[in-house]
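Read through the structure below, which is laid out as structure tokens, and then see the notes.
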Amino acid sequence: MLQSVVRSVVRRIAPLAMAATALATPLAGSPTVNTAATLPIPHPLISEALFLQADANPPTQAACNSVARRCFSPAAMANSYNYAVLHALGHQGQGKTIAVVDSFGSSTIRQDLAVFNTAFNLPHLCGETGANDPSGNCPASVQPRFDIIQVQGGPNPVPPPPNNGTGLEAHNLWDLEVSLDVEWAHATAPLANIMLVTSPTAETLGVQGFQQFMNAEQFVIDHHMADVISQSFASGEGAFHSGLAALKQLRTTYESAKANHVTILSSSGDGGSLNSMKEPVKNPAPIPYASVEWPASDPLVTAVGGTYLCTNAVTGAGVDQVSPPANCRPALNPSGEREPAWVVAGGGYSINFPKPAFQNTLPPGSSYVGSVPGMPVPAGSQMRGVPDIAYQASSRTGVLVYMTEPNFPSQSTGGLVCPTGQTCSAGWWVVGGTSAGSPQWAGLIAMADEMAGRDLGYLNTALYNLAANPSTYAADFYDDNTNSNAQSAPGSGTSGNCCPSSRGWDAVTGLGSPNAATLLPSLIAATAGS
């Protein structure tokens, strides 16, 4: 039996699961230390999740269709993005490690990954049993494996008792994000090592976690623990009240990643052109202009936008305009595109970073304008455009995720609770959000690293160089020109002024989504000698 639950998990997870704290010790060599007063709250980029059923067997496509969804399995996704052929040739990311970075972790992720792998006949990883902390890790000599890394310690999985606070300390609401990231990084690169890097919380309201995230990633980079890092957290640029000065210390981690040939990917956000300030904590005010989120806005990061995936969800082939959702049917997709832009995919123009050199040459038809009215930059400014690339994001055409994190009905801040009050966190979900794309792109890059016999590292220059060549662009990317991500809120001033999808680059899907069988060899060639 299917039961509807959360129309938009980001509306419940984002406000409730943002608690994290900055470490007392800054990065080595940092000129300044960001404090709770200067940093906004990172939130998980997951949205539109729908609970489907509570058993170990994945729901049928008919069950998904009955709630106006199409649900993608790993096999269908591999065919949709044309990497099944690479798997068949033996390229599955073996020998490479993908780090996914999330707050708090999950008290059931090892066991949930095992069920997911059995359900879809995926290779099992060493580390699918035991405690859901580093004590359950396998020896470093064993591959492929699933590791949990707690650089700065780990919190108790049970949330605190109900109180009159903001709910930011309800860290178990990140669990669905953790399950999505781990399961789908593995589904994309089945023989790569997967490393869940968690950040803890001191359960102190108003203290933010960006410095923790960066410290954890810096540790991974310094100790050569991962080849690719996927990030599914963000905050609107406008919430960093000190602007670029607030980011300079944080982004030294990305400078280290580039120097060490570690690829950094980040979800672009799930609010379209609308994001929130830090304050007031219980009900943050909208940023009063079309905005983007950091770290996706950072030129050292490859930002992943979002689409609806209208391929056949059983086979992954062709374009299916008969099955749900309405977004794939002729009325909303009259040209029969395989991937219309997702209408709430984060994108637009940075207020902190000028247009990088890699965006100087864009494919024909691109809709880059550099800035839009209302942004706190001089009129006509040419700023960094977000995102760079895209992947499936809407849960209406979402991926299947298995999670059994226990609900805590006695805790007002705990668990994912169905609107009717029943416990529904244990079982299968169809999940959306640009955070679905970042770990899957990480899987593709791990495969490319394995194919190349080296780490590709920083991607943006190579991606845009490939797109500047009409023949490679047509072969390597799926492009689209349907929809817009303009969103509005009372007093936000964002309605209608950003951003349309277009051919070439646009501020919803970037350059487009990958045709992996051709793009990965092209990226290998384009990064040679870098």
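The values are calculated or read from the model by the stated rules, or taken from the named source; none is laboratory data. Fair warning: this is a prediction, and the values are worked out from it, not measured in the lab. Positions of Cβ are backbone-derived with ideal geometry, glycine not excepted, and every protein chain shown enters the neighbour counts. Accessible surface is based on the protein model in full, side chains and every heavy atom, while ligands, DNA and RNA are left aside. Shrake-Rupley method; radii C 1.70, N 1.55, O 1.52, S 1.80 Å.
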Open item on the list: To make sure I understand the rule: partners must be aspartates and glutamates, Cα under 15 Å from the Cα of LYS355, and not fewer than 8 residues away in the same chain. Which ones qualify?
Closed with: ASP298, ASP388, ASP506
Task: Sum of side-chain charges, GLU128 neighbourhood, beta-carbon under 15 Å (Lys, Arg +1; Asp, Glu -1) - done: -2
Task: Karplus-derived HN-Hα couplings along segment 368-384 (A = 6.51, B = -1.76, C = 1.60, θ = phi - 60°), whole Hz, x at Gly and Pro - done: 4, 10, x, 5, 10, x, x, 5, x, 9, x, 3, x, 4, 9, 10, 4
Open item on the list: Can you order the peptides 117-125, 440-448, 247-255 by their average number of other Cβ atoms within 10 Å per residue, highest first?
Closed with: 440-448, 247-255, 117-125
Task: Hz values of 3J(HN,Hα) by residue in segment 217-229 - Karplus curve (6.51, -1.76, 1.60), Gly and Pro given as x - done: 5, 4, 4, 4, 5, 4, 9, 6, 8, 8, 9, 9, 10
Task: aspartates and glutamates with Cα under 20 Å of LYS96, excluding same-chain neighbours fewer than 8 positions away - done: GLU128, ASP147, ASP181, GLU183, GLU217, ASP222, ASP227, ASP449, GLU450, ASP455
TODO: Quote to one decimal, in nm, the extra length available between ALA56 and ARG329 on full extension: 0.36 nm per residue of separation minus the C-alpha distance between them.
DONE: 95.2 nm
TODO: Leaving ligands, DNA and RNA out of it, report the carbon-plus-sulfur percent of the accessible area of segment 262-361 at a 1.4 Å probe.
DONE: 62 percent
- [ ] Using a 10 Å cut-off on Cβ atoms, rank the peptides 70-76, 324-330 from the highest mean neighbour count down.
- [x] 70-76, 324-330
Open item on the list: I'd like the distance between the alpha-carbon centres of segment 242-264 and segment 346-384, rounded to an integer number of Å.
Closed with: 20 Å
Task: Average accessible surface area per residue within segment 64-126, 1.4 Å rolling probe, Å² - done: 30 Å²
Open item on the list: From the gyration tensor of the Cα coordinates in segment 267-407, what semi-axes in whole Å does the equivalent ellipsoid have, largest first, with each one equal to sqrt(5λ)?
Closed with: 30, 21, 14
Open item on the list: Could you report segment 335-399's accessible area per residue, 1.4 Å probe, as an integer in Å²?
Closed with: 30 Å²
- [ ] Return P(r) of segment 228-326 (all Cα-Cα pairs; 5 Å bins starting at 0; whole %; ordered from short to long distances).
- [x] 2, 12, 17, 17, 14, 12, 10, 7, 6, 2, 0
TODO: Output the peptides 133-142, 507-516, 473-482 sorted from most to least packed, where packing is the average of other Cβ atoms within 10 Å over each peptide's residues.
DONE: 507-516, 473-482, 133-142
